[in-house]
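Everything below concerns the one structure shown next.
Values in this text are rule-based calculations from the coordinates and carry no lab data. This structure is a prediction, so every number in the text was calculated from the model and none was measured. Cβ coordinates were reconstructed from backbone atoms using ideal geometry, including for glycine residues, and neighbour counts include every protein chain displayed.
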Amino acid sequence: MYVKVQNGQPQKYSIEQLRRDNPSVSFPAEMPADTLAEHDVFALHEAAQPSFNTSTQKVVEGAPAQVDGQWVQTWQVVEMTAEELAARALELEQVRRVAYQQEADPLFFKWQRGEATQAEWLAKVAEIKARIL
């Protein structure tokens, strides 16, 4: 991905857009950096996404920024909206329900038949609760 600087503002841009925006220019197949720079287009480098609390936050793209002479895609951590939190809670409940059905319920019935212990079943239930927060 690339960034094009227009009126001092960086915007995500692609080589296809550059070709469309300049139909009378014959660009080489491999675009050299100096050719891109002539059109205010620069490589956009990916930055690692920041860590965040997956229970209440999400990561969204920020505006590209220049760091040490290179354009870098930035990221922002934002709080989830009430609607997003509610949707996430419903999704997790469904995932947890499926995990109980597929993993814990068989152990429960084995315990009832004397083929497993209650401790094994309870450990599986606790493991699912811890894994699917």
(message) What's the magnitude of the charge dipole for the chain around its Cα centre, counting Lys and Arg as +1 and Asp and Glu as -1 at the beta-carbon? Answer in Debye, nearest 20.
(response) 580
(message) What is the ratio of the Cα radius of gyration of region 82-131 to 2.2 N^0.38 Å, with N the residue count, to two decimals?
(response) 1.38
(message) At 222 nm, what value in deg cm²/dmol follows for the chain if DSSP H runs of at least 4 each add -39500 (n - 2.57) and the sum is divided by all its residues, to the nearest 500?
(response) -12000 deg cm²/dmol
(request) Output ³J(HN,Hα) for region 97-103: one whole-Hz value per residue in order, computed from phi by the Karplus curve 6.51 cos²θ - 1.76 cosθ + 1.60 with θ = phi - 60°, and x for Gly and Pro. (result) 4, 5, 4, 4, 5, 7, 10
(request) Enumerate the lysines that Lys129 could reach by cross-link, defined here as Cα to Cα under 26 Å, with residues fewer than 8 away along the same chain left out. (result) Lys58, Lys110
(request) Return the ratio Rg/(2.2 N^0.38 Å) for the chain, where Rg is computed over Cα atoms only. (result) 1.81
(request) Take the alpha carbon atoms of region 14-38, find their center, do the same for region 58-133, and report the distance between the two centers in whole angstrom. (result) 44
